[in-house]
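The values are calculated or read from the model by the stated rules, or taken from the named source; none is laboratory data. Just so it is clear, the model here is predicted, and its values are computed rather than measured. Cβ placement follows ideal geometry from the backbone for every residue including glycine, while neighbour counts extend to all protein chains displayed.
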Amino acid sequence: MKQLFIFVDGFGLGAPAADNPIRPEVCPAICELLASHCVPLDACLGVPGLPQSATGQAALFCGRNAAAFMGRHVTGFPGPTLRAFVEESNIFTMLKADGRRARFADAYLADSPDELRARRFRSVTTTAALTVPETLSFRADLLHNQALLHDITRESLASKGYDGPTVTPQEAADHLVQLALGYDYTLFEYFLTDQVGHSGSYEAACAVLRTLDAFLGALFPLATEMGISTALSSDHGNIEAIAMKTHTLNPVPLIATGPGADALLSSCTSIADVTPAILRNLAENVKV
């Protein structure tokens, strides 16, 4: 079985409101997935305060309560203690120990793992992927459609002097599905939802959600057609309450379709449950 996981940063489940852009007229495919294939997950993890990116992502990709380990929610990039927590055991190291092949589909504008290690600030996902460097994707992979850019369409590269081809959200979805067929587990990270959530701009949030919606609207049906188990979750809420400009206490979604989807949805109540459930799903559907 092939498992594809979409991590959407800062995407919570909020009640309909004037400042909540997650609505059918903006993102119909997402709303349909939320209505039909979704359960809510706790992102607070029993720790007071607003959930934050570093500990939320560590819990999501390590399957352990990182906020409780740290004694607080940690924002931004992980420091030495949290980096050690992630490096000790994460989805990539656990898959490798089980003899499975994984891929982080986001392309870095770099040419080697050493370039990433030299960077002062590294996200949780980068820290985790660096523990198994063969999972990483680079510039050459992007140009050969063997990876995706974090913005899906590559349009953000224009300001960096890139004059290569852009892709539509639907083309990017096809590239990701084709990539996922070659690995046991494939991860794609989309963080513009969190960035725009902090901006407070409802119009910018709608633009980001429309691109994501076109991507996911093509991705989920194609992945299901190809027999891929596909899941989506987040680390904390944000974009669903755009006027706040901060993270929220809202639960986050776990969306799942394809082989093992019912088991994934029924066995997760918090973001720390996701990685263990995915590993069980892979083990129980090994012949699919």
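Filter region 19-35 down to the residues that are in contact (Cβ under 8 Å) with a residue 24 or more places away in the chain and not acidic (Asp, Glu) and list them by number.
20, 21, 22, 26, 27, 28, 29, 30, 33, 34 - these are the residues of region 19-35 that are in contact (Cβ under 8 Å) with a residue 24 or more places away in the chain and not acidic (Asp, Glu).
Would you call residue 140 modelled with pLDDT of 95 or more and not hydroxyl-bearing (Ser, Thr, Tyr)?
Here the answer is no, as residue 140 does not meet what is asked.
How many of the residues making up region 224-252 are surrounded by fewer than 24 Cβ atoms within 10 Å (Cβ to Cβ), in contact with a helix residue (DSSP H, G or I) (Cβ under 7 Å, 6 or more places away or on another chain), at negative phi and not polar (S, T, N, Q)?
Qualifying residue count for the region: 2.
Condition first: over 29 Å from residue 183 (Cα atoms) and surrounded by 23 or more Cβ atoms within 10 Å (Cβ to Cβ). Now tell me which residues in region 1-26 satisfy that.
Of everything in region 1-26, those that are over 29 Å from residue 183 (Cα atoms) and surrounded by 23 or more Cβ atoms within 10 Å (Cβ to Cβ) turn out to be 21, 22.
Only one of these is within 18 Å of the chain's Cα centre (by Cα), part of a loop (DSSP other than H, G, I, E, B) and within 19 Å of residue 233 (Cα to Cα): 122, 64. Name it.
64
Can you tell me which residues in region 88-119 are basic (Lys, Arg) and either under 14 Å from the mean Cα position of the chain (by Cα) or crowded, with 21+ Cβ neighbours inside 10 Å (or both)?
Within region 88-119, just 103 meets the criteria.
As an exercise: evaluate residue 127 against (1) part of a helix (DSSP H, G or I); (2) without any contact (Cβ under 8 Å) to a residue 40 or more places away in the chain; (3) touching an Asp or Glu at 6+ places or on another chain (Cβ under 9 Å) and give the number of the one condition it does not meet.
Condition not satisfied by residue 127: (2).
Which residue is farthest from residue 195 (Cα to Cα), if the candidates are limited to region 34-61 and must be more than 19 Å from the chain's Cα centre (by Cα) and not in a loop (DSSP other than H, G, I, E, B)?
Looking at residues that are more than 19 Å from the chain's Cα centre (by Cα) and not in a loop (DSSP other than H, G, I, E, B), I get 36.
Going by the structure shown, is residue 214 in a helix (DSSP H, G or I) and modelled with pLDDT under 95?
No.
For a quick check of your reading of the model, give me the residue pairs whose first member lies in region 197-216 and is free of Cβ contacts under 8 Å to residues at least 24 places away in the same chain, whose second is of a type in the set (A, V, I, L, M), with beta-carbon atoms closer than 6 Å and at least 6 apart or on different chains.
204/196
I'm trying to understand the selection: among the residues of region 18-53, which are of a type in the set (A, V, I, L, M) and touching a helix residue (DSSP H, G or I) at 6+ places or on another chain (Cβ under 7 Å)?
Hits for region 18-53 are 22, 26, 29, 30, 33, 39, 41, 43, 45, 47.
Please identify the pairs in which a residue from region 242-264 that is closer than 21 Å to residue 275 by Cβ has its Cβ atom under 9 Å from the Cβ atom of a residue that is assigned to a helix (DSSP H, G or I) and among the aromatic types (Phe, Trp, Tyr), counting only partners at least 6 apart or on another chain.
Going by the 9 Å Cβ cut-off, the qualifying pairs are 255/220; 257/220; 258/220.
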